[in-house]
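Encoded as structure tokens, the structure appears first; notes follow it.
Where a number appears in this text, it was derived from the coordinates with a stated rule and is not lab data. Owing to the predicted nature of the structure, the values given are computational and were not obtained by experimental measurement. Cβ coordinates were reconstructed from backbone atoms using ideal geometry, including for glycine residues, and neighbour counts include every protein chain displayed.
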Amino acid sequence: MALVNENYLRLRGSYLFSEIARRVNEFKKNNPDADIIRLGIGDVTRPLPPAAVEAMQKAAGEMGREETFRGYGPEQGYDFLIEKIIDHDFRPRGVELSSDEVFISDGSKCDTANFQEIFGLDNIVAVTDPVYPVYVDSNVMAGRSGEFAGGRFERIVYLPCTEENGMKPDLPGTRVDLIYLCFPNNPTGMTLSGEDLKKWVDYARENRAVILFDAAYESYIREENIPHSIYEVEGAREVAVEFRSFSKTAGFTGTRCAYTVVPREVKAYDSSGKAHPLNDLWLRRQTTKFNGVSYPVQAAAAAVYSEEGRKQVRELIDYYMENARIIREGLEKAGYKVFGGVNAPYIWLKTPGNTGSWEFFDRMMKEAHVIGTPGAGFGASGEGYLRLTAFGSRENTLRAVDRIVNKL
Ligand code: PLP
């Protein structure tokens with residue numbers, strides 16, 4: 001008799017997006033002519049930068065000729081991409097990495113979900129609340145969550161990000177071992193300063209904990225004093241792993257390329273107290289379970305760092321950030337309280353008059369025909385908020401703001 005992994009039975013249904021789809025479909029059925037604008041989903045809408053497309057086409061051509069054909073690539077990624085990443089994303093910020101500390105992958109979703117595998121099951125996991133659900137669900141699947149009771153998993157430590165603490169998590173009251181931080185944050189769109197991050201790095205060093213730092217939205221940072229990498233903070237190389245993605249930076253959500261940085265110094269311990277470099281364990285895991293990213297896709301990612309590519313990516317991000325400004329300023333002018341949208345493509349709207357997230361979602365859908373994402377879907381502390389994204393077209397963004405301001 002085949003037995004299931006019972007940890008999977010503890011997972012909450014993918015309630016959020018299926019429930020949104022259900023409500024939108026029902027509304028459409030009753031209002032077939034309604035012109036609905038979706039500012040809920042976190043997917044990009046602008047096409048790939050031409051430099052990436054050209055590089056992908058050229059690489060595909062190479063794969064079709066005997067003299068330039070490539071078979072299995074290195075699981076860790078090609079050096080031509082790793083070197084560009086180090087030269088452009090880290091060195092200018094004073095961060096030195098060696099090429100064996102960067103692991104190319106097909107996504108930060110997979111990396112943030114898979115990385116927990118190399119840790120023991122007795123670790124206590126801390127996540128911010130609200131949170132990108134992948135961190136929680138992957139730990140539930142592994143068996144680190146305990147039971148779900150009262151809206152939360154018993155063994156997970158939730159770090160509320162609320163208006164009172166400026167959407168910045170406070171250090172935990174009880175000891176934790178693995179800490180997931182995502183800044184700029186999805187869904188709140190807020191960031192941490194170097195000083196804020198230093199608190200976490202110091203905590204991790206004192207408690208021999210590991211920080212899993214998701215920087216998928218790093219390229220949206222506009223303000224000068226915000227660190228782009230956790231390694232800009234002193235001591236972080238000892239305790240932090242960093243996840244980066246080309247998805248939101250260069251429109252790679254359908255093309256798939258990302259990378260994870262695992263410095264040689266980051267360690268976890270066995271039951272006898274002996275330290276083991278996470279880099280060795282992650283390399284072992286990847287070489288066993290992952291085949292690497294295809295050559296044409298890595299060539300496309302490398303082209304993002306060419307002079308042309310960098311200019312095109314800047315234009316993409318400027319486009320979305322102008323949308324973010326339009327949403328943020330439009331809603332603020334109309335009297336809404338909003339967070340984010342300055343260093344991130346997400347705007348976290350406080351629902352007026354303490355309306356529930358879902359109730360406000362319904363109102364916005366029915367009265368303005370605009371779809372957001374109810375904050376409660378990202379965790380208990382997201383109740384009373386709604387997430388809007390800057391990833392729509394300019395035209396739809398302008399129309400959506402106009403409707404929210406004038407029809408609600
Ligand atoms: N991390 C965060 C916080 C995200 O919001 C997303 C995507 O929405 C990802 C990671 C996933 O990125 P990728 O497309 O590289 O898997």
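Per-structure values
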read-out	value
Over 29 Å between alpha carbons, listed pairs LYS29/LYS109; LYS109/LYS168; LYS58/LYS84; LYS168/LYS407	LYS29/LYS109; LYS168/LYS407
For ARG387, net neighbour charge (Lys/Arg +1, Asp/Glu -1) across residues whose Cβ lies under 13 Å away	+2
Dipole magnitude of the chain about its Cα centre (Cβ charges: Lys, Arg +1; Asp, Glu -1), debye to nearest 20	960
The chain: calculated mean residue ellipticity at 222 nm from DSSP helix runs of at least 4, using -39500 (n - 2.57)	-11000 deg cm²/dmol
Low-density loop positions, chymotrypsin sites (Phe, Trp or Tyr not before Pro), segment 99-130 - DSSP coil, at most 10 other Cβ in 10 Å	none
Candidates per trypsin sites (Lys or Arg not before Pro) in segment 186-223, loop by DSSP, up to 14 other Cβ within 10 Å	ARG208
For segment 76-119 and segment 314-365, distance of Cα centres in Å	32
The chain, relative contact order in percent, only Cα pairs under 8 angstrom and at least six apart counted	23
Surrounding net charge for SER271, when Lys and Arg each add one and Asp and Glu each subtract one, Cβ distance under 15 Å	0
For the chain: rounded, prolate or oblate by the Cα gyration tensor [a/c cutoff 1.5]	oblate
Sparse-neighbourhood loop sites, chymotrypsin sites (Phe, Trp or Tyr not before Pro) in segment 12-71 - DSSP loop, at most 12 other Cβ within 10 angstrom	PHE69
In Hz, Karplus ³J(HN,Hα) per residue of segment 344-354 (6.51, -1.76, 1.60; θ = phi - 60°; x = Gly, Pro)	7, x, 10, 10, 9, 9, 7, 5, x, x, 6
Over segment 47-161: Kirkwood hydrodynamic radius from C-alpha pairwise inverse distances, Å	17.9
Rounded to 5, the percent of DSSP beta bridges in segment 54-305 classed as antiparallel	45
